[in-house]
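Down below is the structure, laid out as structure tokens.
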Amino acid sequence: SESSRSHSVFTCVIESHWERDSMTHLRFGRLNLVDLAGSESSGAEGDRLKEAANINRSLSTLGLVIMTLVDVANGKSRHVPYRDSRLTFLLQDSLGGNSKTTIVANISPSICSSNETLSTLKFAQRAKLIQNNAKVNEDASGDVMALQRQIEELKLTCLRKQQNAPGPPSFLLLNSGSDREYNTLAEDHQSSCDLSLLKQKVSHLEDVLVGSLRREKLAELDIRKLEAEIKHLNRLVDLKESDSQRLRMMLKLRDEKLKRLHMLADDLVPSDGYMVEENAAMSQEIQLLQKQFDENPQLTQFAFENKRLIEQVRTLENFHKQGEREM
């Protein structure tokens, strides 16, 4: 058999949406089908040598990620280098993430392939030690106003049941043999169970409402950031256009200067007139250069990048402080 000299990755994403009790539920999953290329050890040259080097590099990174995940599964604190290759970045959910993973190791019974067979078996043995945490990817969101109305209605229902429901049923009264008392106790017990379920539902809806409000707030912040970035990009476009116009004007002034020099060399213009025009052109060029310095788009871009980096540093500091408080 021959190596394909490339990895093949097929990814299929499936999503489902449904609405229930004023809430929109989203469930999604991803299927990755991966065909790894074999390790290249032949004496290739040229393009095949580059392809072999890339394959071996990605396989080495995959092996390093698997060894690191095995250490993590054993309780050690390690940084998993998912971003060191495109392959491991695509498969970071399948390796030690939220997934169920099946690996098929192809080996050869031939004696001449014993080294490759042993390496493949060791690779599969290490991969079996990785611990994945598979769970259903489901998210729920809802209309804030509808959830608030539903919570108020459930609270009113709970309040009514609390006002009408007596204390916990006393099963000692069952010895009296009265069917009416038994039915009354059964109804009271059912009301108490319904009240508990209503309280649980209210608590769940309040959690969903808090999550929806938090997502709306984050969405508003993202929109503001995007609007500020769009405004900045529009200003950069305007500055670029102004800069290009100034450059065209400076080129035009240079062409006119060369034209005047040729005319002066051919004695077509007097030297006094040439000096006057040259001074006027130099003054205009100095003004253009001053505007180019004052409205430098690169300085504006650097200022924007600096502001964005400062915001990222503040976010990381707040996250770090919050983590210390939780500890």
- Check the straight Cα-Cα distances from LYS50 and name the lysines below 30 Å, setting aside those fewer than 8 residues away within the same chain. LYS122
- Which net charge results for the neighbourhood of LEU69, defined as the other residues with beta-carbon distances under 11 angstrom from its beta-carbon, given Lys and Arg at +1 and Asp and Glu at -1? +2
- Query: Among the lysines, which fall within straight-line cross-link reach of LYS201, defined as a Cα-Cα distance under 20 Å, with same-chain neighbours fewer than 8 residues apart omitted?
  - Reply: LYS155, LYS161
- Give me the number: length gained by fully extending GLU241 to GLU220, i.e. 0.36 nm times residue separation minus the C-alpha to C-alpha distance, one decimal in nm. 4.4 nm
- Using a basic spin-label model with each label point 7 Å from the Cα along Cα→Cβ, how many nm lie between GLN312 and PHE28? 2.3
- Distant-in-sequence amide H partners of THR24 (H built 1.01 Å from N, under 5 Å): SER141, GLY142, ASP143
- FRET efficiency, ILE230 to LEU289 (Cβ-Cβ, R0 25 Å, nearest 0.05): 0.25
- For a quick protection proxy, order the peptides 254-261, 308-315, 84-91 by their average other-Cβ count within 10 Å, most packed first. 84-91, 254-261, 308-315
- Item | Sorted peptide list for 52-64, 121-133, criterion being average Cβ within 10 angstrom, highest first | 52-64, 121-133
- Item | Gained length - LYS128 relative to CYS112, 0.36 nm times residue gap less alpha-carbon distance | 3.1 nm
- Item | Estimated distance in nm for a label pair at LYS252 and ALA73, the labels positioned 7 Å out from Cα along Cα-to-Cβ | 7.2
- Hey, for a label at ALA140 modelled as a point 7 Å past Cα toward Cβ, could you say which residues of region 9-35 have their backbone N under 20 Å away? 15-29
- Of 267-280, 234-247, 100-113, ordering from highest average Cβ density within 10 Å down gives 234-247, 267-280, 100-113
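Just so you know, all these numbers are worked out from the coordinates, no wet-lab data involved. These numbers were taken from a predicted model, which means no experiment stands behind them. A quick note on method: Cβ atoms are made from the backbone with ideal geometry, for glycine too, and the neighbour counts reach across all protein chains shown.
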